[in-house]
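> Take a look at this one; I'll ask things after.
Just so it is clear, none of the values below were taken in a lab; they were calculated from the coordinates. Model, not experiment: these values are computed from the prediction. Here the Cβ positions follow ideal geometry from the backbone for every residue, glycine too, while neighbour counts run over all protein chains shown.
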Amino acid sequence: MSTQAESKPWTVPALAEAKHDGRKLVMLTCYDNSFARILDANGVDLVLVGDSLGMVVQGHDSTLPVSVEAMVYHTRIVGRGLRHALLVSDLPFQSDATPERALDASVQLLQAGAEMVKLEGASANKLEVIRYLAERDIPVCAHLGLTPQSVLKFGGYKVQGREEKAAAKLRADARAVEEAGAQLLVLECVPTSLAAAITADLSIPTIGIGAGPGCDGQVLVLHDLLGLDTGHRKPKFVKDFLAEGGSVAGAVRAYAQAVRDGSFPDQAHSYA
């Protein structure tokens, strides 16, 4: 467990300090109070109330059916369990379609306990939304690569940025979201070398999921970390830490340690 997590709560400025100091950030998703307390007590720096709850909690085939109301509910109950970890909440599908809608949803999430909101993509519209929120003192985490809310456009859950043109666009998009005011960036399902290059490009921290060990931190879906069967195919980057941790708390500690010492993700859990 990090001394930072033990001594005082994480803040948004502390994320940039961690990148500067070379300290890996540990992030997990969470959807209820009991697990929130376990994550908070066992070395997790950031907790994400992800719209992945649509798939792992609500039983949907994608994140698209998740509502703002559901996100607010889960944010509120997770937030009550945290003392040290920074709470990030997703803006669900189309709640960020306009700056005004994004502001309304973000205010609800922050009033429920979130300290940062996450949104997907780097289109001109999304960059406008990021700027609009940042100008109103709402911390934003961007999300590039495989963006699950775009699964219909992508035609499935596929690795992004393997071709030279696509890789160049991802690097440009990453710089654009930082310039728009994002203070954190999640990179999902991109080749290891590309994620490392993007991480080097930026002054804000990157959090990888299926993006190799070169990011400034890692995130997994809690249910995947615990080896729970959610009825969906497990992607390559998933590792069952419960098998080696022996308990839920032990699994979280094992994951946190593996992220910090660089042993996770390894080549077997990354994309070339």
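> How far apart, in nm, are two points set 7 Å out from the Cα along the Cα-to-Cβ line at Ser193 and at Lys236?
Once both label points are built, they end up 1.4 nm from each other.
> Could you work out the relative contact order of the chain? I mean the mean sequence separation of Cα pairs under 8 Å and 6+ apart, divided by the number of residues, in percent.
Numbers: 568 pairs, mean separation 50.7, N = 272.
19 percent.
> Highest first, please rank the peptides 160-173, 128-141 by the mean number of other Cβ atoms sitting within 10 Å of their residues.
Details: 160-173: 15.6, 128-141: 19.4.
With the highest mean Cβ count within 10 Å placed first, the list reads 128-141, 160-173.
> A further question on this structure: If amide hydrogens are placed 1.01 Å from N in the peptide plane, which non-local residues have theirs closer than 5 Å to the one on His143?
For His143, the qualifying residues are Leu119, Gly121, Val186.
> Here's another thing I want to ask about it. At R0 = 22 Å, how high is the FRET efficiency between Asp61 and Ala172 if r is their beta carbon distance? Nearest 0.05 is fine.
Details: r = 32 Å, r/R0 = 1.44.
Using R0 = 22 Å, I get an efficiency of 0.10.
> About the Cα centre of the chain, what is the dipole size in debye to 20, counting +1 per Lys and Arg Cβ and -1 per Asp and Glu Cβ, all else neutral? Kindly include the intermediate steps, with their values, before the conclusion.
Working: 26 positive and 32 negative charges, 59 e Å.
I would put it at about 280 debye.
> Also: Counting residues in the chain as N, plug N into 2.2 N^0.38 Å and put the Cα Rg over that result. Write down the numbers at each step before the final one.
Numbers: Rg = 16.7 Å, N = 272, 2.2 N^0.38 = 18.5 Å.
Here the answer is 0.90, to two decimals.
> Based solely on its DSSP helices, what 222 nm [θ] is calculated for the chain when runs of n ≥ 4 H residues each add -39,500 (n - 2.57) and the sum is averaged over all residues, nearest 500 deg cm²/dmol?
Working: 13 runs with 117 residues, N = 272.
Result for the chain, helices only: -12000 deg cm²/dmol.
> Follow-up. Within 13 Å, Cβ to Cβ, of Ala102, how many net charges do the neighbouring residues add up to if Lys/Arg are +1 and Asp/Glu are -1? Kindly include the intermediate steps, with their values, before the conclusion.
Details: positive: Arg101, Lys118, Lys126, Arg131, Arg136; negative: Asp90, Asp96, Glu100, Asp104, Glu120, Glu128, Glu135.
Spelling it out: positives minus negatives among the neighbours equals -2.
> In the neighborhood of Val117, defined by Cβ-to-Cβ distances under 13 Å, what is the net charge if each Lys or Arg adds +1 and each Asp or Glu adds -1? All intermediate terms of the calculation are to be shown ahead of the outcome.
On the way: positive: Arg101, Lys118, Lys126, Arg136; negative: Asp51, Asp90, Asp96, Asp104, Glu115, Glu120, Asp137.
So the environment of Val117 carries a net charge of -3.
> Convex hull volume of the Cα atoms in segment 174-232, per residue, in Å³?
So the per-residue hull volume is 91 Å³.
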